[in-house]
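**Q** Following this message is one structure expressed as structure tokens.
What follows draws every value from the coordinates through simple rules; no lab data is involved. Predicted, not measured: the structure shown is a model, and the values here were computed from it. In this analysis, Cβ positions are derived from the backbone assuming ideal geometry, glycine residues included, and neighbour counts consider all displayed protein chains.
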Amino acid sequence: MKFLLTAAAALGLMAGAASAQSRLETVQERGKLLCSGHNGSYLGFAEVDDQGNWEGLDIDLCRGLAASLFGKAEGHLDIVPISWAQRWPALQSGDIDVIIKLSGWSQSRDTELNLAFSNPYFVAGFHVMTNADLGVESVAGLDGGSICVSAGTTTERFLAAYVEKLGIDVEIIVFESGDEVRTAYFNGRCDGLTLLAPPLAAARATSENPEAHVILPDVIALEPEGIIVPEGDPKWLDVMNWMLSSLWFAELNGITSENVDEIKANPPSAQIGKFLGVTPGYGSRLGLSDDWAYNLITEVGNYAEIYDRNIGVPYALPRAKNNLYTNGGLFYPLMVD
Amino acid sequence: MDATLPRQTRLRALRTDYFSTRLDTLVTLGFGLLAAWVLWSLFDWGVLHAVWSAENREACGHGAEGACWAVIDARWRLILFGLYPFEEQWRSALACAVIVLTGGASCAPWFWTARRLAALWVAGFVTFYVLMRGGVFGLTEVSEQNWGGLSLTIFIFASVTLLGMPLAIVFALLRRSQLPWIARTMGVIIDAIRSLPLLSIMFTFAIVLPFVLPGWMIGDKLHRVIAGYALFFACYQAEIIRGGIQSLPGGQEEAAQALGLGYWHRIGHIILPQAFRNALPATINQLVITFKETSLVVIIGFFEILASGNAAYGNSEWNFAHVEVYAFVGLIYFVFVFALSRYGAYLERRMAVAER
């Protein structure tokens with residue numbers, strides 16, 4: 001399978017080299033954005049509602065991107081269901097235009113797989129959850145206990161390295177799937193459960209008694225998740241970075257999907273007027289319409305709205321590092337001039 | 001005489017079969033109790049303490065004693081139809097019903113000639129495809145990537161079988177060819193494909209082929225995967241048919257030749273009907289495996305019934321209810337596979353009658 005993936009990526013390289021056109025123009029000519037979905041559901045990022053419509057943080061970014069390109073997402077966005085293994089070749093072959101699928105920025109992906117990452121839009125820490133009764137305050141307190149983890153993921157390796165660094169004696173119990181590892185923890189098979197923060201918060205929020213479990217503050221490893229486009233397409237990558245920046249710019253300036261019309265009608269500063277397309281420039285430099293950021297915010301709201309809607313409210317996961325720098329987080333908008 | 005031979009009553013049979021020695025009694029009681037306990041627990045969990053309606057969702061979740069069928073009540077349309085547009089899902093349901101009816105109709109002996117069976121399946125399949133895909137007769141178009149759930153599973157199974165079965169016959173005949181290089185080449189092809197895992201064939205067809213094929217041949221990803229799967233199915237089924245042919249006495253073909261029958265008559269009227277009869281149990285087995293292995297397409301990002309089941313419990317509201325969803329999906333698989341194997345058993349009985 002690994003060989004097949006590499007072969008597909010290599011073939012994609014050749015195919016990519018042949019076409020000089022930016023994916024931005026391809027998408028605009030097509031009139032439709034093909035964005036990555038999921039084969040099933042990934043809590044908080046790609047879910048399906050009762051009527052078969054996609055929702056989630058990654059899906060909202062897809063919608064926002066479609067609205068930035070075409071004014072509105074409806075009729076201009078196809079969410080293509082793809083699996084984790086399939087996402088790189090699907091991008092190279094043109095089955096999808098962009099990967100927004102909670103994918104960490106790693107060196108091998110950046111170089112060998114020939115992908116380009118946008119600025120991270122989410123930083124996901126691997127954390128350990130444990131029973132509140134144990135009174136443990138950090139992973140070091142689990143000395144002599146056991147921690148459950150799912151097999152074959154990077155998590156297992158990170159956890160082993162972290163435990164070794166702390167010099168404590170912890171039994172690491174490996175399970176095949178996410179469902180299994182959660183069930184094992186809730187049945188008392190192990191003292192701790194290691195997962196990426198969002199699914200961990202989801203497991204806690206939907207458990208019998210959320211109060212009975214605490215998520216320890218230790219960050220076992222941090223995964224910066226970016227939007228992914230093929231290497232060597234700067235125009236297309238620019239659109240991703242400026243879309244994310246616009247979401248943070250709107251949040252920083254208090255522009256929401258509720259008040260964006262008011263603010264556009266009466267912009268408090270020339271900068272915000274430019275941002276919302278009252279005066280020209282913000283879009284044309286990117287090859288978009290000048291009011292694209294206004295369309296983006298109208299469609300999905302600012303970053304805080306997206307986060308709260310998909311993660312903050314349903315899974316009670318605090319924003320922590322995913323906040324703006326003004327609130328102790330890692331995110332900041334680029335300069336609008 | 002009557003008095004000396006004990007009359008075989010049901011009660012007596014029960015006693016001699018299950019309680020004749022002390023050990024027998026112990027084993028019977030032990031396993032009987034175990035079975036009763038398992039059945040009772042299942043009944044208690046799945047029926048007595050179960051929550052049936054989505055309005056009573058609050059009664060579900062961890063700590064609840066029974067099954068939470070509320071998740072099925074709320075999400076059954078997602079499980080059955082996947083991402084198919086909500087307002088159009090009646091089409092997906094109708095399409096499934098058409099295929100099931102076609103399957104049911106082809107069980108009727110009246111249809112058992114190659115021409116009628118082919119006509120029935122082509123008609124059923126075209127109806128299914130037109131209903132699902134739309135774009136004609138005022139139906140809105142729904143592209144393949146939005147198909148999902150049960151109808152996608154059925155579509156993959158039906159098209160793989162319909163394409164694969166004729167291909168399998170061709171493969172089997174080619175492998176029996178009198179010309180050695182044709183027979184051997186076919187043998188190598190069949191063995192090569194059989195030695196590859198289905199997953200890697202699907203992956204190659206879905207993901208690698210678009211890079212090597214010319215643009216007009218690429219087609220839809222779903223169609224490519226079905227082509228690959230049909231090839232895989234045909235190679236296995238060809239060997240099953242060849243086995244059926246080889247089990248025929250050589251005299252059959254020689255007698256037909258002696259009567260002056262041409263190749264196609266010999267194959268179509270003498271060899272294949274008997275070969276299929278002999279190969280029936282293995283063929284049904286292969287069909288069951290094919291139906292179940294459709295779930296592998298999840299790996300290449302299709303929204304078949306297992307994936308839509310995963311999506312059904314994959315949100316903040318129903319995250320705890322994966323057991324119920326998988327039980328429901330398992331039940332659907334069971335209905336189809338059980339019906340298939342009962343049909344196979346019926347065919348065998350009928351053919352046994354024909355042989356007497």
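**Q** Pull up the cross-link candidates among the lysines for A:Lys72, meaning alpha carbon to alpha carbon under 20 Å and not fewer than 8 places away within one chain.
**A** A:Lys32, A:Lys264, A:Lys274
**Q** Also, I was wondering about something else. Take B:Ile289 and B:Tyr326, extend 7 Å from each Cα along the Cα→Cβ direction, and tell me the distance between the two endpoints in nm.
**A** Going by the 7 Å Cα→Cβ label model, 2.4 nm.
**Q** Could you compute the FRET efficiency for B:Arg22 and A:Tyr332, with r as their C-beta to C-beta distance and R0 at 56 Å, rounded to 0.05?
**A** 0.10
**Q** Could you work out how far apart the two model spin labels at A:Ser284 and A:Glu25 are, taking each label as a point 7 Å from the Cα in the direction of the beta carbon, and quote it in nm?
**A** About 1.9 nm separates the two model spin labels.
**Q** Subtracting the Cα-Cα distance from 0.36 nm times the residue separation, let me have the gained length for A:Ser108 to A:Asp308 in nm, one decimal.
**A** Working: separation 200, 0.36 × 200 = 72.00 nm, distance 3.21 nm.
Gain on stretching A:Ser108 to A:Asp308: 68.8 nm.
**Q** Tabulate in residue order the Karplus-calculated ³J(HN,Hα) for the stretch B:93-109, using 6.51 cos²θ - 1.76 cosθ + 1.60 with θ = phi - 60°, rounded to whole Hz; enter x for Gly and Pro.
**A** Karplus-based 3J(HN,Hα) across the stretch B:93-109 equals 5, 4, 4, 4, 4, 4, 5, 5, 5, 4, x, x, 5, 6, 6, 6, x Hz.
**Q** Please compute the modelled spin-label separation between B:Ser143 and B:His223, points set 7 Å along Cα→Cβ, answer in nm with one decimal.
**A** Using points 7 Å along Cα→Cβ, the separation is 1.3 nm.
**Q** Sort the stretch A:49-170 into rounded, prolate or oblate with this rule: let a ≥ b ≥ c be the square roots of the eigenvalues of the Cα gyration tensor; rounded if a/c is under 1.5, and if a/c is not under 1.5, prolate when a/b is larger than b/c, oblate otherwise. Don't skip to the end; give the middle numbers.
**A** On the way: a/c = 2.93, a/b = 1.96, b/c = 1.50.
It is prolate, given that a/c is not under 1.5 and a/b is the larger ratio.
**Q** Next question. Under the Cβ-under-4.7 Å rule, which cysteines of chain B stay unpaired?
**A** Isolated Cys, chain B: B:Cys96, B:Cys107, B:Cys235.
**Q** Could you tell me which of rounded, prolate or oblate describes the stretch B:78-355, using a ≥ b ≥ c as the square roots of the eigenvalues of the alpha-carbon gyration tensor, with rounded for a/c under 1.5 and, failing that, prolate when a/b is larger than b/c and oblate otherwise?
**A** On the way: a/c = 1.96, a/b = 1.63, b/c = 1.21.
Taking the square roots of the gyration eigenvalues as a ≥ b ≥ c, the stretch B:78-355 is prolate.
**Q** If you don't mind, there's one more thing I want to ask. If you add up the charges near A:Phe126, with Lys and Arg at +1 and Asp and Glu at -1, over every other residue whose beta carbon is less than 11 angstrom from its beta carbon, what do you get?
**A** Working: positive: A:Arg157; negative: A:Glu156, A:Asp218, A:Glu223.
Overall, the nearby charge balance is -2.
**Q** Working out 0.36 nm times the residue gap between B:Glu254 and B:Gln178, then minus their Cα-Cα distance, what length gain in nm do you get to one decimal? Don't jump to the answer; show the numbers that get you there.
**A** On the way: separation 76, 0.36 × 76 = 27.36 nm, distance 1.43 nm.
Length gained between B:Glu254 and B:Gln178: 25.9 nm.
**Q** Something else: Counting only the backbone N, which residues of the stretch B:147-172 are under 18 Å from the spot 7 Å out from the Cα of B:Val188 toward its beta-carbon?
**A** B:171-172
**Q** Give, in whole angstrom and from largest to smallest, the semi-axes √(5λ) of the equivalent ellipsoid of the protein assembly as shown, with λ running over the eigenvalues of the Cα gyration tensor. Don't jump to the answer; show the numbers that get you there.
**A** Numbers: eigenvalues 533, 263, 115 Å².
Listed largest to smallest, the semi-axes of the protein assembly as shown are 52, 36, 24 Å.
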